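Just so it is clear, none of the values below were taken in a lab; they were calculated from the coordinates. None of the values given here were measured: they were computed from a predicted structure. Note that we place each Cβ from the backbone using ideal geometry, even for glycine, and neighbour counts take in every protein chain shown.
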Amino acid sequence: MSGLRELRKELVELDTAIERLYEAVEKGLLPMDDTLAGRAAKLKARRETLLRNIDGAGQARQAPLDLLSPATMEAFSRLMRRRLLDCSSGFPKRYLHELVSERDHLRRRGGPDAGPQRRTARRRGGQKSGHRSGAHF
């Protein structure tokens, strides 16, 4: 995401530079010579490259979402349910352990699982009053 943000920032800066260049020519502050024309061409080429990169980054982010059709999600859900209900394989216990470990890791980092109240309480050095300790699902 930050890469896309940087590309967009560079595009804004580039558009500003192109606009200033055109304004200087329009106001007669700069003559339109070969050097200036070359510079304008380079700026336009860089702008086109940035637009393609931004478009490509947006498509790359959308591609995984296109793969998640309702039928795919249904098949995945059926498979996970079958595997989680099969206690003889040891999979349910390992899965639960990994899930809780990931949740704890996110909470330590103040990630998405640690809601605003939990982050605020952590900054204050304790839990929110009236908040139970232990696992919350």
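Please find, among P64, P31, the residue that is loosely packed, with under 10 Cβ neighbours inside 10 Å, under 30 Å from G3 (Cβ atoms) and not aromatic (F, W, Y). Break it down into steps so the answer makes sense when it comes.
Values: P31 fails: under 30 Å from G3 (Cβ atoms).
It is P64.
Confirm whether V12 is of a type in the set (V, I, T) and within 20 Å of the chain's Cα centre (by Cα).
yes
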